[in-house]
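The values are calculated or read from the model by the stated rules, or taken from the named source; none is laboratory data. Please read all numbers here as calculations on a predicted model, not as lab measurements. Note that each Cβ is placed from the backbone with ideal geometry, even for glycine, and that neighbours are counted across all protein chains shown. Just so you know, the surface numbers come from the protein's heavy atoms only, side chains and all, with ligands and any DNA or RNA stripped out. Shrake-Rupley method; radii C 1.70, N 1.55, O 1.52, S 1.80 Å.
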Amino acid sequence: MSLSVFGLAVLAICGYLLFFRGPLSLLASVMLFSLLGGSAAIVLTALGGASVRPELLAIVILSAAVCAPGAGRAQLMPSAIMNNFPLVVFCVYGAATAFILPRLFAGEFQLVPLNPRALTSRFDTAPLHFTPQNITTAFYLLATMMAALAAWIAVQHKAAARTLVLVAIIVGAVHVALGLADLVLTGTPLDAVLEFFRNANYAQHNQAMDGFIRINGIFPEPSAYATFALPWFVLNFELWLRNISPVATGFTAAGLLSVLSLSLSSTAIVGLVIYFVIFAVRCALVPSSLKPSFFLVAGAVGVFFVLAGLSLALVSPEFVHTVTDLFLGLTVEKSETSSGVQRLAWARQGVDLFVSTYGVGVGAGSFRSSSMITAIMGSSGVIGLATFLWFLFAVMKPLHATTYRLGPSERDNVGAALSWSMLGAVLPASFASASLDPGVVFGVFSGASLGLRRSDFAMAA
């Protein structure tokens with residue numbers, strides 16, 4: 001095991017917050033450290049060089065803060081578990097399957113493992129067996145669970161809503177700035193500055209399509225950059241709709257929407273389309289949920305894009321043709337590419353394993369998917385799928401009026417915005433995730449949403 005400079009930074013900052021601040025400050029640090037998506041705080045050489053990202057190390061320290069006796073925090077854990085019960089079952093059961101099911105079904109199935117580097121061809125497979133990826137996936141699941149439980153406890157602080165809004169603005173703005181820096185610095189000597197942050201043992205990609213540079217930021221690939229950006233865009237957009245720090249959240253949402261488009265990621269495009277379709281249905285069913293300025297902004301943006309498109313068509317028809325081909329290649333023609341065929345085969349693995357094991361699954365971390373939903377089906381089976389969907393319903397609260405319109409307090413409104421941003425984390429993962437783990441950002445958003453919307457009390461410190 002080796003500790004990187006990022007690991008030292010996490011230990012120093014979170015250590016200070018642990019002793020001199022409290023869980024809410026630690027929760028904010030977890031959210032800020034999640035920006036380092038291509039970095040490793042710790043490299044586990046005993047597990048094949050597996051990387052522990054900075055926010056995962058921060059989660060360990062935050063968990064210690066909320067579980068330690070004193071200040072009334074530990075006594076909140078039973079309430080946190082009850083309010084996040086479906087996720088607790090999902091994560092604990094999933095972690096258990098990682099150690100049991102690969103051994104139970106060892107050699108019974110040919111599949112693409114979660115780490116396919118040892119395979120010789122794009123569509124090669126290997127016999128099912130227990131691997132280090134089962135161990136790391138179990139750890140990730142438990143980290144997601146602790147993120148939700150710790151977030152639920154941390155937001156009992158009376159300043160939680162305002163703190164989370166500030167963090168959402170900062171994370172969104174920094175992510176935009178890093179994306180634009182990557183766009184400008186790629187191919188120059190200063191690109192090494194961004195490469196410094198990409199020290200994790202992930203496949204690092206600098207990709208271009210038809211001469212257009214795809215944005216990575218400090219993430220390993222454009223898809224990962226866009227997948228991270230989407231829930232933060234949804235959070236800032238939903239906060240803006242609820243008139244919470246409207247100038248800051250509005251500009252941050254606009255910036256994130258811009259880099260999502262510039263990332264040239266099919267994950268971003270499809271995720272945005274699905275979210276805006278859901279949003280349009282919301283508007284049609286509950287028109288009172290929209291603030292008056294929304295129509296002005298939406299109209300101005302629509303007119304701008306129409307005029308910009310017409311101007312480009314007149315000035316440079318070739319450019320418009322190139323952009324159109326690029327968009328088609330990222331969306332409707334994606335499934336016809338070798339990458340699209342491969343991803344479809346990976347996703348189908350989960351369904352096939354679900355059927356072949358009669359709804360039991362073969363264990364978390366046992367195979368590679370391209371959809372979190374089919375990964376859940378093939379890994380933890382009926383129990384995993386049922387508890388995950390149950391938790392989504394519990395967080396979204398689709399029957400509550402505050403999910404769609406302004407609530408009576410800032411805590412209610414921020415909590416509702418977080419529930420939609422949780423959905424923003426699920427959407428790209430549903431057609432792009434290799435594993436069943438929904439991730440730390442999902443855990444933080446969902447736990448904080450439940451804690452803010454349910455709380456009958458708030459700690460003074």
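Modelled spin labels at Lys158 and Ala12, positioned 7 Å past Cα toward Cβ, are 3.4 nm from each other.
Once the chain from Ile170 to Ile100 is taken as fully extended at 0.36 nm per residue, the excess over their C-alpha distance is 21.0 nm. In terms of its alpha-carbon gyration tensor, segment 66-145 comes out prolate; a/c meets the 1.5 threshold, and the first ratio a/b outweighs b/c. Accessible area per residue (1.4 Å probe, heavy atoms of protein chains only) ranks Arg53, Arg198 as Arg53, Arg198, with the largest value leading.
For segment 131-267, what class follows from the C-alpha gyration tensor (a ≥ b ≥ c being the square roots of its eigenvalues): rounded when a/c is under 1.5, otherwise prolate if a/b is larger than b/c, else oblate? Judged from the Cα gyration tensor, segment 131-267 comes out oblate (a/c at least 1.5, b/c at or above a/b).
For the pair Ala284 and Ala64, the difference between a 0.36 nm per residue extended length and the Cα-Cα distance amounts to 74.7 nm.
Whole Å is fine, so just give me how far the alpha carbon centre of segment 345-367 lies from that of segment 76-121. Taking the Cα centre of each part, segment 345-367 and segment 76-121 sit 11 Å apart. In this rough spin-label picture, where each label sits 7 Å from Cα along the Cβ direction, the Ala401-Val247 distance is 3.2 nm. Annotation for Arg21 and Thr188: the two label points, set 7 Å from Cα along the Cα-Cβ direction, are 3.2 nm apart.
From most to least packed by mean Cβ count within 10 Å, the peptides 277-287, 223-233, 94-104 give 223-233, 94-104, 277-287. Taking other residues whose beta carbon is less than 13 angstrom from the beta carbon of Ala168, and scoring Lys, Arg as +1 and Asp, Glu as -1, yields +1.
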